[in-house]
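Engineer: Can you keep this structure in mind? I'll have questions shortly.
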Amino acid sequence: MTPVRSAARALLSGIFVVSGIRNLIKPEPLVAKAKPVTDRVTPLIEQVDSRLPTDPRTLVRVNAVAQLAGGLLLATGRCTRPAAAVLAASLVPTTIAGHPFWSVDDPADRRNQQTHFLKNIGLFGGLLLAAVDTQGRPGVGWRARRAVDDGLRSVDRGRRSVGRAVRSARRDARIAVRSASIGRHLPG
């Protein structure tokens, strides 16, 4: 891993590690803000499995664990692509619940919430880049396309080889037929 990638991932993950720890230990300040979002996702969670928790406090803590674990993995360079994807996914409800600038009446508070919302959108963009970063190595999509192309080229080479073999066999057969017919006409 290059030093730039290592530094970028550590810098990007810092806010998730710190807020993950803070929100895991003390989720109460976020529960009221999270309630409108958790109320909307509760039916989806119950469809997946009715045994999963749906109360806002627990969901805030689950999000905190995801951010803490994802942040640590990203910072240490372990499972960076899945970690970045998890962090990006955890950032969506965090941003919607935590910075709904569209519902704030006070102009100063609205600007503040909008700034935080845009900051989170920027973090989301950085996480998307980290989620698709292959560190200069070909990704799965490229490798799959390459394998298909190589296979098609191989089939084409095989087809050409078979064509050459068929033409050669025909030529040899014609020569054999001519030789046989000439041999019958020779006095013996």
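All of the numbers you see were taken from the coordinates with simple rules; none came from a lab. Keep in mind the model is a prediction, meaning the values are calculated, not measured. Neighbour counts run over all protein chains shown; Cβ positions are idealised from the backbone, glycine included.
Engineer: Determine the relative contact order of the chain: mean sequence separation of Cα pairs under 8 Å and six or more apart, normalised by residue count, in whole percent.
Structural biologist: 21
Engineer: Report ³J(HN,Hα) in whole Hz for each residue of region 46-53, in order, from the Karplus equation J = 6.51 cos²θ - 1.76 cosθ + 1.60 where θ = phi - 60°; Gly and Pro get x.
Structural biologist: 5, 5, 5, 6, 5, 7, 6, x
Engineer: If you don't mind, another one. Expressed as a rounded percentage, what relative contact order does region 85-188 have, with Cα pairs under 8 Å and six or more residues apart?
Structural biologist: 22
Engineer: Got a sec to turn the phi values of region 135-141 into Karplus ³J(HN,Hα) couplings, 6.51 cos²θ - 1.76 cosθ + 1.60 with θ = phi - 60°, whole Hz, x for Gly and Pro?
Structural biologist: Computed from phi, the couplings for region 135-141 are 6, x, 8, x, x, 4, x Hz.
Engineer: Of 118, 152, 129, which is the most mobile in a GNM of the chain whose springs link Cα atoms less than 10 angstrom apart?
Structural biologist: Of the options given, 152 has the highest mean-square fluctuation.
Engineer: Here's another thing I want to ask about it. In the neighborhood of residue 25, defined by Cβ-to-Cβ distances under 15 Å, what is the net charge if each Lys or Arg adds +1 and each Asp or Glu adds -1?
Structural biologist: Value of the local net charge: +3.
Engineer: Say R0 is 25 Å: what FRET efficiency, to the nearest 0.05, do residue 108 and residue 26 get from their beta-carbon distance?
Structural biologist: E between residue 108 and residue 26, to the nearest 0.05, is 0.40.
Engineer: Place a point 7 Å from Cα of residue 176 in the direction of its Cβ. Which residues in region 140-160 have their backbone N less than 18 Å from it?
Structural biologist: It comes to no residues whatsoever.
Engineer: Answer rounded, prolate or oblate for the chain, using the Cα gyration tensor with square roots of eigenvalues a ≥ b ≥ c: rounded when a/c is under 1.5, else prolate when a/b is larger than b/c, else oblate.
Structural biologist: prolate
Engineer: Once the Cβ-Cβ distance between residue 168 and residue 146 is put in as r, and R0 is 35 Å, what FRET efficiency do you end up with, to the nearest 0.05?
Structural biologist: Plugging the Cβ-Cβ distance into 1/(1 + (r/R0)^6) gives 0.60.
Engineer: On to the next question. Run the helix sum for the chain: -39,500 (n - 2.57) per DSSP H stretch of 4+ residues, divided by residue count, reported at 222 nm to the nearest 500 deg cm²/dmol.
Structural biologist: Result for the chain: -29500 deg cm²/dmol, rounded to the nearest 500.
Engineer: I would also like to ask the following. Mind checking the dipole of region 32-188: about its Cα centre, +1 per Lys or Arg Cβ, -1 per Asp or Glu Cβ, Debye to the nearest 20?
Structural biologist: Dipole of region 32-188, to the nearest 20 debye: 1780 debye.
Engineer: What is the spin-label model distance, in nm, from residue 6 to residue 57 if the labels are put 7 Å beyond Cα along the C-beta direction?
Structural biologist: 4.2
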